[in-house]
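Asks: Below you will find the structure I want to go over with you.
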Amino acid sequence: MLALVTGASRGIGRAIALELGRNGFDVAVNYNRSSEQADSLCAELKAMGVNAGAFQADVSVQEDVTRLFTEIKASMGAVSILVNNAGITRDNLLMRMKPEDWQAVINANLNSCFYCTQAAIRDMAKARYGRIINIASVVGLTGNAGQANYAASKAGIIGFTKSAAREYAARGITANAIAPGFIDTDMTGILKPEVKDAIMKSIPIGKMGSPEDVAKAVLFFAREESSYITGQVLAVDGGMTMC
Ligand code: NAP
């Protein structure tokens, strides 16, 4: 069964691709700019005996997504598990946020989910089987000062996930979201030490999560056995939100 992971060249996406590969899925690795990292991930997957391929596409651009799915179908077949993971931040206080930073984050985080899900859903519906797993964020549930664009995109992903879950439940397709908390990747690596310290104080478990923590939750939703779970939001956050 083929899984597509968007934004799989680094961080959480990379860990998801490895976890799915380790557990018997074929893996299409999408990346935008990090071609060397995507190639080396693919080589690692192939060395594990996984059928894997790397595919460049900027998933914030619909034409790229159309090309991505055409290329994947031609070389690896139809996508059964779609993991919408690609995402960016462009943080700033609302008063100072440039419209282009608002738009870039909505395009990369939210519009990409719409483009990829729409591109994947026809084959899933035909097969009467599919798994859509969207990587949201705890800030999509709670909001966050300095992240109005990012929080809006992640809250949008949650509403999108629940709508897709309702539309396709009768066709064997589940749609679920994961809301990671504070995970150790390049995205959080750029935060100032005082910001990191403040976030750490809000985590009952008392440490950052790893990309693998998120990947395990993705594997749970991806499995055939999870067929009675849809429209859910699972926080992987060390107890940060508990809502
Ligand atoms: P990251 O380390 O910055 O990696 C981001 C990945 O997304 C890269 O592989 C990048 O690919 C890809 N990407 C970005 N824009 C893309 C586009 N337009 N088209 C295709 N790929 C694109 O981030 P991360 O921490 O792993 O985050 C992964 C997901 O988890 C994101 O949706 C993020 O919002 C979410 N999340 C992260 C945290 C956290 O604490 N880290 C918390 C909550 C949610 P290239 O390098 O090839 O451009």
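The numbers here are math on the coordinates, done by the rules we state, and not lab data. A quick note: this is a predicted structure, and the numbers were derived from the prediction, not measured. So basically every Cβ, Gly included, is an ideal-geometry build from the backbone, and we count neighbours across all protein chains shown.
Asks: Which whole-number percent of Cα pairs in the range 146-243 have a distance greater than 24 Å?
Replies: 29
Asks: Just to confirm the number: angle between the C-alpha axis of helix 35-47 and the first principal axis of the chain, 0 to 90 degrees, nearest 10?
Replies: 50
Asks: A further question on this structure: Count the DSSP beta bridges whose two residues both fall in the range 1-123, then state the antiparallel fraction as a percent rounded to the nearest 5.
Replies: About 0 percent, rounded to the nearest 5.
Asks: Could you state the angle between the C-alpha long axis of helix 211-222 and the longest principal axis of the C-alpha atoms of the chain, as a value from 0 to 90 degrees rounded to the nearest 10?
Replies: 40
Asks: Something else: Can you find, among Ser227, Gly140, Gly209, the residue farthest towards the positive end of the dipole of the range 123-235? Put +1 on the C-beta of Lys and Arg, -1 on that of Asp and Glu.
Replies: Ser227
Asks: Same structure, new question: Among Asn111, Ala152, Ile121, flag the residue with its Cα farthest along the positive direction of the charge dipole of the range 85-178, charges on Cβ as +1 for Lys/Arg and -1 for Asp/Glu.
Replies: Of Asn111, Ala152, Ile121, it is Ile121.
Asks: Quote the charge dipole size of the range 1-142 about the Cα centre in Debye, to the nearest 20; the model charges only the Cβ of Lys and Arg (+1) and of Asp and Glu (-1).
Replies: With Lys and Arg at +1 and Asp and Glu at -1, about 320 debye.
Asks: If you don't mind, there's one more thing I want to ask. Mind sorting Met187, Met242 by how few other Cβ atoms lie within 10 Å of their own Cβ, fewest first?
Replies: With the fewest neighbours first, Met187, Met242 line up as Met242, Met187.
Asks: Could you list Cys113, Cys42 so that the one with the fewest beta carbons within 10 Å of its beta carbon is first and the one with the most is last?
Replies: So the ranking, lowest neighbour count to highest, is Cys42, Cys113.
Asks: Continuing with this model, one more query. Under 4 °C and 1.567 mPa s, how fast does the range 11-90 diffuse according to Stokes-Einstein, given a Kirkwood radius computed over C-alpha pairs? Answer in µm²/s, whole number.
Replies: Roughly 100 µm²/s, to the nearest whole number.
Asks: Run the dipole for the chain about the Cα centre, Lys and Arg Cβ at +1, Asp and Glu Cβ at -1, nothing else charged, and hand back the magnitude in debye, nearest 20.
Replies: It works out to roughly 480 debye.
Asks: Here is a follow-up. If the limit is 25 Å between Cα atoms, which of Lys73/Lys162; Lys98/Lys207; Lys126/Lys154; Lys162/Lys216 go over it?
Replies: Table pairs above 25 Å Cα-Cα are Lys73/Lys162; Lys98/Lys207; Lys126/Lys154.
Asks: Mean projection of the alpha-carbon convex hull of the range 1-134 over all orientations, in nm²?
Replies: For the range 1-134, averaging the hull's shadow over all directions gives 8.0 nm².
Asks: While we're looking at this one, here's another question. Compute the length gained on full extension between Asp39 and Arg122: take 0.36 nm times their separation in residues and subtract their Cα-Cα distance, giving the result in nm to one decimal.
Replies: Extending this stretch completely gives an extra 27.0 nm.
Asks: Moving to a separate point now. As a footprinting exposure proxy, order Lys126, Lys201, Lys162 by other Cβ within 10 Å, with the fewest listed first.
Replies: The most exposed by this proxy come first: Lys201, Lys126, Lys162.
Asks: Rounded to the nearest 20 debye, what is the charge dipole size of the range 178-230 about its Cα centre when +1 sits on each Lys and Arg Cβ and -1 on each Asp and Glu Cβ?
Replies: That gives a dipole near 180 debye.
Asks: What percentage of all Cα-Cα pairs in the range 192-239 are separated by more than 17 Å?
Replies: 48
Asks: What ratio of Cα Rg to 2.2 N^0.38 Å holds for the chain?
Replies: Normalised Rg, Cα atoms only: 0.95.
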